[in-house]
Structures are given as structure tokens and as C-alpha cells.
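What follows is one structure encoded as C-alpha cells, with my remarks underneath.
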Amino acid sequence: MNYQDLIYQAQIAHNRAYVPYSQQKLGVSLLTNQNNVYLGCSVEIANFASSLCPVALAVGQAILACDQELKALALYPKLHLSGNARQLLIEFNPLMEIVYLDTNQNLQIKTLNELLPYFFGPKDLNIPNFS
């Protein structure tokens, strides 16, 4: 799948977001090394702390499908990736590509470790024989 198509999938997810309070929709599409795509969208509820993150929804689907080799994440309508979402993605692939459209609608690509350069990851736990 090319990255324009991945952005289009994120746009579909964006259109399905449930955000009755903030009206701040975010859609994501997650591409794996097996070329599967998992979508996620913002889901907010009155108790904002219990709202659902679109990235966590997409990653959860990939894990349920035993498809954990994450390759790229597209965001729509803009680069809006929380610290928690970045930390979640780092767990699986610090070099994954983050794809989004800039304000002029040009395709932009950054690696995840560019967005979170000094991350805490599995290697920091110092667990022997942990791969």
C-alpha cells in the first residue's frame, strides 16, 4: 500500500470518529509488515479520562490479529500524536514511519524516533534474555 492510500484510510477513520464534546476528530491507519491495515478513530465520552485513543485502538486490533510488526502510521487531518501514543508505538518499532499531510496538503514522513528521540523502551528495563 502506498502512503497516499494509507492517508485515505486514515481519512475514512477520521469520518467515523465519535467526538460529541470537543469536535476534534482524529483518524489513523496502521500499516504492518504483512501489508495489513488497521484503523482507529477518536472516541470520546463525557468522562474524558476514559475516552479512547485512535492509535491504541489500531494497535490493539493488530495485536489481536497477531500482526505486531508495525511499519507505518498515517494520521488525518494532521500530525497530532500524543506522548502516550508515541510511547505505545515505540514499543513495537522506533523506526516506524509517521505519515501525515502538512498545512499545504503535502505528504510528510517522519520516523517515530524523530518525534520521540529520548524514549524509554524495552531495552531500558534491563531484563536479561528479553528480546
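Evaluate the range 16-31: report whether one residue or more is of a type in the set (Gly, Ala, Ser) and part of a helix (DSSP H, G or I). No, the conditions are met nowhere in the range 16-31. The set of residues in the range 40-61 being farther than 16 Å from ILE98 by Cβ, assigned to a strand (DSSP E or B) and in contact (Cβ under 8 Å) with a residue 24 or more places away in the chain consists of CYS41, VAL43.
If you go through the range 74-84 one residue at a time, do you hit one that is exposed (fewer than 11 other Cβ atoms within 10 Å of the Cβ) and among the small types (Gly, Ala, Ser)? Yes, the range 74-84 contains a residue that is exposed (fewer than 11 other Cβ atoms within 10 Å of the Cβ) and among the small types (Gly, Ala, Ser). Out of ASN113, ASN129, ASN84, one residue alone is modelled with pLDDT under 95 and on the phi > 0 side of the Ramachandran plot. It is ASN129. Taking the options LEU89, LEU125, name whichever one is over 19 Å from VAL55 (Cα atoms), without any contact (Cβ under 8 Å) to a residue 40 or more places away in the chain and either under 17 Å from the mean Cα position of the chain (by Cα) or surrounded by fewer than 16 Cβ atoms within 10 Å (Cβ to Cβ) (or both). Every option except LEU125 fails the conditions. Considering LEU107, LEU81, the condition of being free of Cβ contacts under 8 Å to residues at least 60 places away in the same chain, touching a helix residue (DSSP H, G or I) at 6+ places or on another chain (Cβ under 8 Å), within 25 Å of ASN35 (Cβ to Cβ) and not small (Gly, Ala, Ser) is satisfied by LEU81 alone. Do the conditions hold for LEU95, that is, is it loosely packed, with under 14 Cβ neighbours inside 10 Å and either in contact with a Ser or Thr (Cβ under 7 Å, 6 or more places away or on another chain) or closer than 22 Å to ASN2 by Cβ (or both)? Against the criterion (loosely packed, with under 14 Cβ neighbours inside 10 Å and either in contact with a Ser or Thr (Cβ under 7 Å, 6 or more places away or on another chain) or closer than 22 Å to ASN2 by Cβ (or both)), LEU95 qualifies. Could you list all residues from the range 12-35 that are crowded, with 18+ Cβ neighbours inside 10 Å and of a type outside the set (A, V, I, L, M, F, W, C)? Correct list: HIS14, LYS25, GLY27, SER29, THR32.
The values are calculated or read from the model by the stated rules, or taken from the named source; none is laboratory data. Everything numeric in this text was worked out from a predicted model, so none of it was measured. All Cβ positions, glycine included, derive from the backbone under ideal geometry; neighbour counts span all protein chains shown.
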